[in-house]
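The values are calculated or read from the model by the stated rules, or taken from the named source; none is laboratory data. The structure displayed is predicted, hence computed values, not measured ones. Glycine also receives a Cβ, built like all others from the backbone with ideal geometry; neighbour counts cover every protein chain displayed. Calculation scope for accessible area: heavy atoms of the full protein, side chains included, ligands and nucleic acids excluded. Shrake-Rupley method; radii C 1.70, N 1.55, O 1.52, S 1.80 Å.
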Amino acid sequence: MTSPFRSPAVVVALLACLIAAPVAEAAKKGGLEATITRQKQGIPTIEADNFKSLGFGYGYALAQDEICTMADTYLTSEARRSQFFGPDAKSPENFTNLDSDLFYQQAIDNHVVEDLVATKGKQALDPDLKQGVKGYVKGYNAWLAKNQSKIKDPACAGQPWVQPITVMDAYRRFYELTLYASSGVAIDGITEAQPPAASPRPTRAAGDAAPTATPEQAQKLAEALDFSDTGSNGWAIGKDMTKNGEGITLANPHFPWDGPRRFYQSHLVIPGELNVSGASLLGSPIINIGHTAGLAWTHTVSTAFRFVPFQLTLAPGDPTSYVVDGQTFPMDHQTVTVQVKQPDGSLQPVSRTLYSTRYGPVFNRVSGQSIFAWTNANAYALFDANAQTLPRLLNHFFATNQAESTKDLLKILKQYQGIPWVNTIASDSKGKALYADIGAVPNVPDSKVVQCNSSLGQITLPAAGLAVLDGSRAECALTTDPDARGDGLMGVSKMPVLQRKDYVENGNDSYWLTNPAQPLEGFPRIIGAERTQRSLRTRLGIQMLEGAGDNLTRKSVQDLVFQDRQYLGELWRDQLVAYCNAHPTMTGSSGPVDVSAACAALAGWDLHVNLDSTGALLFERFVDRYGTSAARFSTPFDVNNPVNTPSGLDTSATNAPILETAFANAVTDLQGANIPLSGPYGDFHYEVRNGDHIPIHGGEGGQGAFNAIADTWDPATGYSDIVHGSSFVMVTQFDGDECPNDRSILTYSLSDDETSKYYADQTKMFSGKQWVDPPFCPKEVSKTAASVKTVREK
């Protein structure tokens, strides 16, 4: 008989017991200590006796796995990118380093984050949370002090910008995340907005018509502000549809595979006080998507606007003064200076004057769209609903990490109104399902839009759903609802909530069809559109749930997620093949193309985006060329049948030339990249890790792939590495005890360090549709332990 002491699991468990005693003893003496237990895929269970020590362990583990990305990320919120990388290179959020630095330096100069952290009263930061942040910073710095000279990852080994952080650096990173879908979409618009040379012009009445954008420009704005393709799927399934009568939650965010918006998976434990497992955006030592013993929750990017522009009427001859109710007010202005690396390596200060008003900062661009021009007649200012959200956001997640029911979660949502840009979807052990889009939203009811929408807003509202309020009238300024938790915000009672016993879902469309059996209607337009066409991914998600029966389990939900149906193919393929067979030669941009082989390739496609699906790449490339606008469908949207319309491929004489050009070009695209028309999807749709081509299933969300995976097209080589898509995927089922039955996969793996053994392992598992069984209860942690380490503050 083999001795039990030779079992690796037993040895690790014994080590954990031996370590626990000195950890507990040291904790009594006031030192910071945590135990980090990693299982096979490296996912850390971090256990400590208090929040400060827990934060210490989290910071230590995160630095070990993500030091290069984290060090680079902190340069953004510290406004030091230009200092190390020069002014013109792009930041991770695709602004120039100079624009990024000027934006965050202004916040530093104005002590914005310091003031938010010092908030008093009901919205003050929880004291335990503040201790956790202090511990996180100490843990991050402790790992760096011990290992900086040993960093092997070529992304940052030996680089001077890998430096310790301060507590305020940590909060500035949280602040940066908070602004992602508000001021974060206008960073260059704020820092580059400069007044035109003043020129005399006739005085005119406030509110007179101003130059406006074209409908085409407004449509481009709508597309730029559409986060649906980089959004998420979220399901909460209630007791009426689960086999055991308890809740199941699917978390399926579609976030970038590289950079600062990666997720980091962990399990946080304070015995008797906290037990929460899930994932967090990098630099956030609180679980953002995850589960406790009784509650599992996720988020999807919301359609609600978290900002509102104001159109300013400028004073005659003075483009830096604006008029409100006939009275002239000078804009506030501030000179911001950052250090910029020169071609010879030296540093030189670069300064720029930034402007602001009573409504917020002056800007001239949103998401790259320059339709908010600063002229001698008009300028535009941005009210950001998230500007004061930071303490409420942190308190929200800190409380959620300790919640055990959807009732608890709904109370937290209403108490803090701290969610900055996402919906919330959750289920609990009692089989209740919850959807809520309760967060920081500007208080712009439809009545104010009617009363105050400006000339530019008349163009942007129908195209993008974005009003631009008239800043020349004081009555158009934002008021604060009685049940709002911040200035200028809409009250929580005006926001959509749905609780059901069957299911709620969201795929980045608005709240309207959270469950088609109970449409949510009558909410302000700024939150989202109602009775309008839903995305293909939303429609497929609803169809999958509606057809799943009432005996769902954790395993059956996993199978649905990675079923990899391509919904647009289901709607169009047969008609496209029929048209193709009737037109074996089509004219593309370079002339006639024989497409007969392509017809056969599509006919043989299984309508999925699995690794062995043939013809999928051809169809995907065709749709990239052809588009998915309403004009491409033969059956239009029907508000009485929104889950199944629009449908059918329009092959009419009006649309046929566009179709043929797109299809012929798709064929020549694949031929030019040496991709066979019937090539297996996984052979040409992959992620490269350390030279290995890892085939990736899943397709474009905009084409109706529920398991959304996005890449870019290179004419010479075909599809590139994965850009964004399914990232942290979690399915949690409650199972009658305190150990939820869950599975997860971090598609891009735990670490971004190419020298780490956790750099590609889960990516390979994802390729094979495998899942990790993450530990939760103590017995599971000890059973799955691959290593145990105690970290202490020196």
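Okay, here's what the table says:
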item: Equivalent ellipsoid dimensions for the stretch 117-163 as semi-axes, Å, which come from the Cα gyration tensor, largest first; result: 33, 11, 7
item: At 1.567 mPa s and 4 °C, Stokes D of the stretch 558-613 from Kirkwood alpha-carbon radius, µm² per second; result: 103 µm²/s
item: Partners for LYS430 among lysines (Cα-Cα distance below 16 Å; same-chain residues under 8 apart left out); result: LYS239, LYS243, LYS407, LYS501
item: Share of carbon and sulfur in the accessible heavy-atom surface of the stretch 488-536 [1.4 Å probe, %]; result: 46 percent
item: Alpha-carbon gyration tensor eigenvalues x 5, square-rooted, for the stretch 626-683, Å; result: 29, 16, 7
item: Carbon and sulfur %, accessible surface of the stretch 655-794 computed with the full protein complex present, 1.4 Å; result: 49 percent
item: Ordering of 670-676, 420-426 by packing [mean C-beta count within 10 Å, highest first]; result: 420-426, 670-676
item: Rg over Rh, two decimals, the stretch 221-263 (C-alpha only, Kirkwood Rh); result: 1.19
item: Computed magnitude of the charge dipole of the chain (debye, nearest 20; Cβ of K, R +1, Cβ of D, E -1); result: 1740 debye
item: Separation of alpha-carbon centers, the stretch 407-435 and the stretch 714-746, rounded to whole Å; result: 22 Å
item: Descending semi-axes in whole angstrom, ellipsoid equivalent of the stretch 646-794, from the Cα gyration tensor; result: 41, 21, 11
item: Solvent-accessible area, 1.4 Å probe, carbon plus sulfur percent, for the stretch 261-300; result: 52 percent
item: Per-bin percent of Cα-Cα distances, the stretch 298-448 [10 Å]; result: 10, 26, 24, 21, 14, 5, 0
item: Protection-proxy order for peptides 335-345, 768-778, each taking the mean of Cβ atoms within 10 Å per residue, highest first; result: 768-778, 335-345
item: Stretchable slack from SER589 to THR375, in nm (0.36 nm times residue separation minus alpha-carbon distance); result: 73.0 nm
item: Helical contribution to [θ] at 222 nm, DSSP H n ≥ 4, -39,500 (n - 2.57), averaged over the chain, rounded to 500; result: -9500 deg cm²/dmol
item: Above-threshold pairs, the threshold being 18 Å between Cα atoms, out of LYS414/LYS494; LYS432/LYS494; LYS40/LYS794; LYS130/LYS411; result: LYS432/LYS494; LYS40/LYS794; LYS130/LYS411
item: Fully extended contour minus Cα-Cα distance, from ASP692 to ALA597, at 0.36 nm per residue; result: 31.1 nm
item: Calculated FRET value between THR479 and GLU273, using beta carbons and R₀ = 35 Å, to 0.05; result: 0.30
item: Spatial extent of the stretch 467-616: Rg and Dmax, with the Cα atoms as the point set, Å; result: 23.2, 67
item: At 0.692 mPa s and 37 °C, Stokes diffusion of the stretch 454-527 via Kirkwood alpha-carbon radius, µm² per second; result: 223 µm²/s
item: Å² of accessible area per residue within the stretch 568-622, as computed with a 1.4 Å probe and no ligands counted; result: 38 Å²
item: ASN581-SER556 pseudo-label distance in nm [points 7 Å out on the Cα-to-Cβ vector]; result: 3.7 nm
item: ³J(HN,Hα), Karplus 6.51/-1.76/1.60, whole Hz, each residue of the stretch 130-141, x for Gly, Pro; result: 4, 5, x, 5, 4, x, 4, 5, 5, x, 4, 5
item: Proximal lysines to LYS341, defined as alpha-carbon separation beneath 20 angstrom and excluding residues fewer than eight positions away on the same chain; result: LYS90
item: Correct choice for percent of Cα pairs over 52 Å apart that was computed from the model, options (1) 13; (2) 33; (3) 22; result: (1)
item: 12 Å reach of a label modelled at ASN110, 7 Å along Cα-to-Cβ, counting backbone N of the stretch 371-391; result: 382-384, 387-388
item: ALA786-ALA157 pseudo-label distance in nm [points 7 Å out on the Cα-to-Cβ vector]; result: 2.2 nm
item: Dimensions (Å) - the stretch 211-315, Cα atoms, principal axes, largest first; result: 63, 35, 29
item: Accessible area of the stretch 51-115 divided out per residue, in Å², using a probe of 1.4 angstrom; result: 27 Å²
item: Highest-first arrangement of 36-49, 82-95, 489-502, 637-650, where packing means the average Cβ count within 10 Å; result: 36-49, 489-502, 82-95, 637-650
item: Length gained when the stretch ARG531-LYS40 is fully extended (0.36 nm per residue, less Cα-Cα span); result: 172.0 nm
item: Average accessible surface area per residue within the stretch 373-496, 1.4 Å rolling probe, Å²; result: 29 Å²
item: Reach of LYS52 by Cα under 14 Å, taken over aspartates and glutamates that are not fewer than 8 positions away in the same chain; result: GLU33, ASP126, ASP128, GLU273, GLU793
